[in-house]
Amino acid sequence: MVFEGAIFSSVSFDKADFSPKVLTCIDQSGLIDRIISVDEPDYKSVKQTAENLNILHPIPKGSYLLPGFIDLHVHAPQWPQAGLALDKPLDEWLQKYTFPLEVKYKDLNFAKENYTGLVNELLENGTTTVLYFGSIHTDANLVLADICAEAGQRAFIGKVAMDNPTQTPEYYRDSSSKESLEQTELFINRLLDKQKKTGAELTPVITPRFVPSCTDETLAGLGNLAKKYDLPIQSHCSESIWEDHYAIERFNLRDTQVLDKFHLLTSKSIMAHATQLNDSDLELFKQRNTAIAHCPISNVYFGNSVLPVKHIHEKNINMGMGTDISGGFSPSIYRNIQQSVMSSQMLQDNSHSDSRISATNAFYLATIGGAKALHIKTGQISVGYKADFQIVTDQYFNSMSNEPQDVFERLIYHTTKSEINEVYVSGKQVINRGEHHGRK
Ligand code: GUN
Ligand code: FE
């Protein structure tokens, strides 16, 4: 397949590149193998060949090829409650709303119905790679994996481990540490098998829910499993003042130090929120090369402060973007990019100087930042990278200035599902609204 048209792609925290007219060529394995600009000598011949082979895909004027987004933090089972009870504190929200919903995924029909809706919703919003928390149920997590494979979404999935009887309800917890670790290992092996048999882009993830919900044995065992299978790790770290105090009370250590003690802060770890990290915590993140999933909408509700993105970037710590469904109500990474810019401005007014970030900075987190955190070659439209794309339309192309920066900001602030016409993962089309809506 060869796309012809304009592209926006992040190249660094401070810069997104615009190319007005290029051929983006995809090879059989779903990688970008050439990008040819209009002034190169073989532009015409490559275009002609693609046309003859019927593999030329022209992108209309006013539409743009962008990298697919990477969502570094989604609680898959929480989708049906997006927006509910967000005025409650984290602990109450978990106990009264979230655990009673997550336990329902033991029913595989319930899981299938709700996971199908979620995966489609994320794809329609331009999200091509997702790092998912599942529920505690091995079989329901495998249902999620099947749905992602079927829909063509690249998925990193964790069986949630939670077995601490003082912090989790009897009706929704792993019955013992042994059970928690055995089920985690079973899920890992099942998912690796599925991946091998089908070639679907699925990766298991070690997933202690957060320090409070796990016993010491489970935290230690999960650290060992991460090492044994060389797997990514996800959890929540210093999300709230409550969580921070809890770690000090139980261990006389900071949340980061507890995770580190159990070998859960690695270069493959992605920790959600991290709003309460102090400079020594950040130093530990840097030493371990651990990434942060920035969840700006959710942080408004549970984070108890704004993540200082610019400060953290200056310390050379990697961050990606996460919706935190359903602590964040929106499945859209666009909506989260907007919120991260808005929140950074509020931080500046109150306590920090020079905290403001731009749409360009946040776009970097949502693409390259996420890809680096997951150690995958995607998130940018460059040779050798996976062909994960969204084709989006600028609604005001005919009425406003078409300077690249203006178009880019309009795309960031105006794009909803309706403007995302097509989505591709590893070169395979997974959404085509033109077809569904008869508009093509
Ligand atoms: N901490 C532990 N579990 C959760 C969860 O489901 N959502 C959020 N936002 N924080 C958590
Ligand atoms: Fe979360």
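The rows are residues; the columns are (1) outside any strand (DSSP E or B); (2) over 19 Å from A272 (Cα atoms); (3) at pLDDT below 95; (4) touching a helix residue (DSSP H, G or I) at 6+ places or on another chain (Cβ under 6 Å).
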{"site": "T168", "(1), (2), (3), (4)": "yes, yes, no, yes"}
{"site": "E179", "(1), (2), (3), (4)": "yes, yes, no, no"}
{"site": "E182", "(1), (2), (3), (4)": "yes, yes, no, no"}
{"site": "L192", "(1), (2), (3), (4)": "yes, yes, no, no"}
{"site": "Q195", "(1), (2), (3), (4)": "yes, yes, no, no"}
{"site": "A200", "(1), (2), (3), (4)": "yes, yes, no, yes"}
{"site": "T203", "(1), (2), (3), (4)": "no, no, no, no"}
{"site": "L219", "(1), (2), (3), (4)": "yes, no, no, no"}
{"site": "L222", "(1), (2), (3), (4)": "yes, no, no, no"}
Problem - Out of L365, L374, L347, sole residue that is in contact with a Ser or Thr (Cβ under 9 Å, 6 or more places away or on another chain), farther than 18 Å from I292 by Cα and either at pLDDT below 95 or surrounded by 14 or more Cβ atoms within 10 Å (Cβ to Cβ) (or both) - result: L347
Fill in the blank from the handout: Picked from the stretch 199-246 (must be touching a Pro at 6+ places or on another chain (Cβ under 6 Å) and within 14 Å of ligand 2 (Cβ to nearest atom)), the residue farthest from K261 (Cα to Cα) is V205
Problem - Matching helices (runs of 4 or more DSSP H) fully within the stretch 1-114 where at least 2 residues are among the polar types (S, T, N, Q) and more than 28 Å from I368 (Cα to Cα) - result: 43-52
Problem - Long-range neighbours under 7 Å by Cβ, at least six apart or interchain, first residue under 23 Å from A362 (Cα atoms) and within 11 Å of ligand 1 (Cβ to nearest atom) within the stretch 69-90, second of a type in the set (V, I, T) and assigned to a loop (DSSP other than H, G, I, E, B) - result: H73/T323; V74/T323
Exercise for the section: Answer with yes or no whether L118 is farther than 30 Å from D244 by Cα, assigned to a helix (DSSP H, G or I) and within 21 Å of the chain's Cα centre (by Cα). Expected result: yes
Practice task
Within the stretch 232-254, work out how many residues are away from ligand 1 (no atom under 16 Å from the Cβ) and either buried (at least 24 other Cβ atoms within 10 Å of the Cβ) or farther than 18 Å from F156 by Cα (or both).
Solution key: 6
Practice task
Being within 30 Å of H311 (Cα to Cα) and hydrophobic (A, V, I, L, M, F, W, C) is the filter here, so list the residues in the stretch 13-58 that pass it.
Solution key: F13, A16, F18
Practice task
Might you check whether a residue that is more than 30 Å from K386 (Cα to Cα) and buried (at least 22 other Cβ atoms within 10 Å of the Cβ) occurs anywhere in the stretch 181-199?
Solution key: no
Exercise for the section: Within the stretch 249-289, track down each residue that is hydrophobic (A, V, I, L, M, F, W, C) and within 15 Å of C214 (Cα to Cα). Expected result: F251, V258, L259, F262, L264
Practice task
Please specify each residue of the stretch 281-339 satisfying the condition of being within 16 Å of ligand 1 (Cβ to nearest atom) and part of a helix (DSSP H, G or I).
Solution key: P296, I297, S298, N299, V300, Y301, F302, N336, Q339
Handout entry: Of all residues in the stretch 262-310 being surrounded by fewer than 22 Cβ atoms within 10 Å (Cβ to Cβ) and at pLDDT below 95, the one that is farthest from ligand 2 (Cβ to nearest atom)
Key = S305
Handout entry: the stretch 313-361: number of residues that are among the charged types (D, E, K, R) and within 25 Å of K417 (Cα to Cα)
Key = 2
Exercise for the section: Among the residues of the stretch 228-249, count how many are at pLDDT 95 or above, over 16 Å from L192 (Cβ atoms) and acidic (D, E). Expected result: 2
Practice task
Take the stretch 200-218 and flag every residue that is surrounded by 24 or more Cβ atoms within 10 Å (Cβ to Cβ) and aliphatic (A, V, I, L, M).
Solution key: V205, I206, V211
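The values are calculated or read from the model by the stated rules, or taken from the named source; none is laboratory data. These numbers come from a predicted model, not from an experiment. Reconstructed Cβ throughout: ideal geometry from the backbone, glycine too, with neighbour counts over all protein chains shown.
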